[in-house]
Each structure stands twice: as structure tokens, then as C-alpha cells.
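The values are calculated or read from the model by the stated rules, or taken from the named source; none is laboratory data. From a predicted model like this one, the values you see are computed outputs, not experimental measurements. Don't worry about glycine lacking a Cβ; one is built from the backbone with ideal geometry, like all the others, and counts go over all protein chains shown.
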Amino acid sequence: MIAKRAGVLRTALFYVTISLVALFMILPFLWMISTSLKESEAVMVLPVRWIPEKISLKAYRDLFTISTVVPFHRATFNSLVVSVLTTFVNLASASMAAFALAKFDFKARDKVLFAFLATMMVPGAVTMIPNYLVLRTLRLTNTFIGLVLPSIYNAWALFLLRQNIMALPEPYFEAAIIDGATPFAVYRHVVLPMVKPILASLGVLTFMGTWNDYLWPLIMISDPEKMTLTLALGNLNSRWGQKWELLMAGNLISMLPIVIAYVFAQKYFESGISVGGLKS
């Protein structure tokens, strides 16, 4: 009886602790929503009012109408284009390379794989300037291609996909080859459908990382018409630093695509993380 009560107490304590941690983490987002719906004069009123006395959408209207160096709607579109292209290029190149390294027996295959994986030990910041110099030589600065091109190589995505492809049942590949399927047909009709969960996981993570990236666009882009949303938010912060409701509205809008992407890919994302060995 005592042991049962102790178990119930531990369970209750666990859920209370988790609930408090969750509440602590969600409070900043609730404050962002509350602030974005306030008028300027109500933002700094003390004591803090979590529920505005008068709900106002002025901050959201001003966000798309005020004159700034970087038009917010244009920056949002730019980020969407760059994020989608980067995700597609990343997944396409990583899945093809992973298929080749998993199922093709060619000379120095293990050495090629080791060379790929060795690059994971090199910090991304170290390669930014060399990448910039190469792209500048190719006259690809201030272009979306220049932003997307470095994503053609992702050792982490390649490794996860290769491990998943190697674990696929061999009879599927043998049956496709007997039916006369070409290597690309095997890749398209056998491999891609079977690694869909891990592709969805990598897709969400890649999209999220690209959408939130600030440093690489800052290095590559100087044309206001081609700046991404993170640069627009930085510009918004420097020009309208005291308009907290405007800044919070901009940050909330920037979060929406990531939330939407996760909601639609949640089923695949959770199974993909499990299959990828990232969850115990």
C-alpha cells in the first residue's frame, strides 16, 4: 500500500514538474502574443496586463505598410523561396548520394564516405568565408542561387539516409532489378517511398534551419529586394526598437511557416526521428 502511494506521488510530482517547465517555456510566447495585440501606449503599462484591455491589430497592419529599408512582405516571400529551394536541394542531393553509398559497390566507397563524415567535425563558421569567396568569384552574391548552393552538401543528412537505406530489406531491390528497373527507377520507386519518414524529418529540420538563418544571408545579400525575413526583422529592430508591439508581431508572423510545416509533417516527423535513431 505504501509503495503504491509512493508511486502515485512520484507520478504526480513528475507531471507537476513537467507542467511547470512547460508553462515557464510558453510564457514568452504568450507575452509576445499579448504585446502584439496592444496599442503602443499600453505596452509598458505597469502592472503588466497579459490580456489587453483593448485588442488592436494595428501592429500587424503597420508591419506591412510602414516604409522600411526591407519591405516585410517581400522579405517573407524571399525566405519562403530560399527555404523551399534549400530543403529540396538538400534532400535530393543527400538521398541520391546516400543511395549510391549504401547500395553501389565501387572502389574507394568507404573512403568517400569517411571523407564526407569527416567534414561534420568542421564548424560551419569556418567554411562560410571560403564559400563566400568562391561564390563571389562565380558572381553569385546577391542571388538566391548563392544562398541555396552550399546546401547541396549535408553530411548529417547523408549519414542518416544511408543508414536507413542500408536497413531496407534487400528483396525489394532484387525484385526491382529482376523487373528491369534502372538504378534511378529503383531510387525513385523503391528507396524514396520507404525512407519518406526520415525525409520528412530532415525536411522540417532543414526548412526550420534555413528559415531562421541570419548569418549566411547577412554575408551574401546586400540588395534590400533580396533580403530574407531574418534580415528584415533585424532591420525592424534597429529602426523601430521602441515599438515592441511591432517587433512582437513580426516575430510571431515569422514563426507561422515553421509551425505549419511541423503540423503537416508531424506524423512522418515523429516516426522519422525514431527510425533515424535520434529517439531512444
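In the stretch 121-147, which residues are part of a loop (DSSP other than H, G, I, E, B) and surrounded by 13 or more Cβ atoms within 10 Å (Cβ to Cβ)?
Residues satisfying the conditions are L140, T141, N142, T143.
Those residues that are under 25 Å from A265 (Cα atoms) and either assigned to a helix (DSSP H, G or I) or among the basic types (K, R) (or both), I need them from the stretch 159-182; list them, please.
Answer for the stretch 159-182, where residues must be under 25 Å from A265 (Cα atoms) and either assigned to a helix (DSSP H, G or I) or among the basic types (K, R) (or both): F159, L160, L161, R162, Q163, N164, I165, M166.
For the stretch 36-53, enumerate the residues that are modelled with pLDDT of 80 or more, part of a loop (DSSP other than H, G, I, E, B) and not aliphatic (A, V, I, L, M).
K38
Hey, W211 hits all of (1) modelled with pLDDT of 90 or more; (2) farther than 21 Å from L91 by Cβ but one; which does it fall short on?
Condition not satisfied by W211: (2).
In the set R61, R49, which member is basic (K, R) and within 19 Å of L229 (Cα to Cα)?
So the residue among R61, R49 that is basic (K, R) and within 19 Å of L229 (Cα to Cα) is R61.
Could you list, in sequence order, the residues of the stretch 93-119 that are assigned to a helix (DSSP H, G or I) and surrounded by fewer than 12 Cβ atoms within 10 Å (Cβ to Cβ)? Reasoning before the result, please.
Initially, the stretch 93-119 is screened for residues assigned to a helix (DSSP H, G or I), giving 93-103, 109-119.
Scanning the stretch 93-119 gives D110, K111, F114, A115, A118.
Given V16, V45, V21, V89, which one is surrounded by 10 or more Cβ atoms within 10 Å (Cβ to Cβ) and within 30 Å of L149 (Cα to Cα)?
Answer to the selection: V89.
Scanning for something in contact (Cβ under 8 Å) with a residue 40 or more places away in the chain, of a type outside the set (A, V, I, L, M, F, W, C) and assigned by TED's automatic domain parsing to the domain that holds P197, does the stretch 122-131 turn up at least one residue?
Among the residues of the stretch 122-131, not one is in contact (Cβ under 8 Å) with a residue 40 or more places away in the chain, of a type outside the set (A, V, I, L, M, F, W, C) and assigned by TED's automatic domain parsing to the domain that holds P197, which makes the answer no.
What are the pairs, 6+ residues apart or on separate chains, where a residue within the stretch 171-183 that is touching a residue at least 60 places away in the same chain (Cβ under 8 Å) has its Cβ under 7 Å from a residue that is part of a helix (DSSP H, G or I) and charged (D, E, K, R)?
F173/K103
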